[in-house]
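Participant: Just passing along the structure, written as structure tokens.
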């Protein structure tokens, strides 16, 4: 099992950032996720695209980090956009109905285009 995760951030403009995730995200990585999301949103970013194209697994703790980020961006009048979900993360979001409150897009570009 490969426990390596990568997280990178890119500021697109004053209102939008992309957080790119790769690897398996579980209870052991939740605090790192929350910290990254808080830092990005704390920098006055209203729209956060989370590119999950290379995320093979998330658990309930990771979902909690996503919900927390969604609440943070809503407080500043923005939104969280998920892009490129693989089968397991997509299924978990669907089963928990979080895909009804967090926007999901097929890829990063579709998410960015939705903000135009």
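Participant: For the range 40-48, does any single residue satisfy the condition of being more than 15 Å from residue 96 (Cβ to Cβ), under 10 Å from the mean Cα position of the chain (by Cα) and not in a helix (DSSP H, G or I)?
Facilitator: Looking for residues that are more than 15 Å from residue 96 (Cβ to Cβ), under 10 Å from the mean Cα position of the chain (by Cα) and not in a helix (DSSP H, G or I), one finds at least one in the range 40-48, hence yes.
Participant: All but one of (1) surrounded by 19 or more Cβ atoms within 10 Å (Cβ to Cβ); (2) in a helix (DSSP H, G or I); (3) touching a helix residue (DSSP H, G or I) at 6+ places or on another chain (Cβ under 8 Å) hold for residue 99; state the number of the condition that does not hold.
Facilitator: Unmet for residue 99, out of (1) surrounded by 19 or more Cβ atoms within 10 Å (Cβ to Cβ); (2) in a helix (DSSP H, G or I); (3) touching a helix residue (DSSP H, G or I) at 6+ places or on another chain (Cβ under 8 Å): (1).
Okay, residues lined up against (1) under 20 Å from residue 114 (Cα atoms); (2) out of contact with any strand residue (DSSP E or B) (no Cβ under 8 Å at 6 or more places or on another chain):
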| position | (1), (2) |
| --- | --- |
| 23 | no, no |
| 33 | no, no |
| 44 | yes, yes |
| 53 | yes, no |
| 59 | no, no |
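Participant: Shifting gears a bit: Output yes when any residue across the range 53-65 is touching a helix residue (DSSP H, G or I) at 6+ places or on another chain (Cβ under 6 Å), surrounded by 13 or more Cβ atoms within 10 Å (Cβ to Cβ), in a loop (DSSP other than H, G, I, E, B) and at pLDDT 95 or above, and no when none is.
Facilitator: Scanning the range 53-65, I find no residue that is touching a helix residue (DSSP H, G or I) at 6+ places or on another chain (Cβ under 6 Å), surrounded by 13 or more Cβ atoms within 10 Å (Cβ to Cβ), in a loop (DSSP other than H, G, I, E, B) and at pLDDT 95 or above, so the answer is no.
Participant: Looking for something in a strand (DSSP E or B), in contact with a helix residue (DSSP H, G or I) (Cβ under 9 Å, 6 or more places away or on another chain) and surrounded by 14 or more Cβ atoms within 10 Å (Cβ to Cβ) - is there at least one such residue anywhere in the range 69-80?
Facilitator: Checking the range 69-80: at least one residue is in a strand (DSSP E or B), in contact with a helix residue (DSSP H, G or I) (Cβ under 9 Å, 6 or more places away or on another chain) and surrounded by 14 or more Cβ atoms within 10 Å (Cβ to Cβ).
Participant: Check residue 13 against each of (1) crowded, with 16+ Cβ neighbours inside 10 Å; (2) without any contact (Cβ under 8 Å) to a residue 60 or more places away in the chain and name the one condition it does not meet.
Facilitator: For residue 13, the failing item is (1).
Participant: Can you tell me which residue within the range 81-96, out of those that are in contact with a strand residue (DSSP E or B) (Cβ under 8 Å, 6 or more places away or on another chain) and in a helix (DSSP H, G or I), is surrounded by the most Cβ atoms within 10 Å (Cβ to Cβ)?
Facilitator: Initially, the range 81-96 is screened for residues in contact with a strand residue (DSSP E or B) (Cβ under 8 Å, 6 or more places away or on another chain), giving 81-86, 88-90, 92-93.
If we keep only those that are in a helix (DSSP H, G or I) too, we end up with 88-90, 92-93.
Numbers: 88: 14, 89: 23, 90: 16, 92: 18, 93: 21.
The selected residue is 89.
The values are calculated or read from the model by the stated rules, or taken from the named source; none is laboratory data. Note that this is a predicted model, so its numbers are computed, not measured. Positions of Cβ are generated from backbone atoms using ideal geometry, with glycine treated the same way; all protein chains shown enter the neighbour counts.
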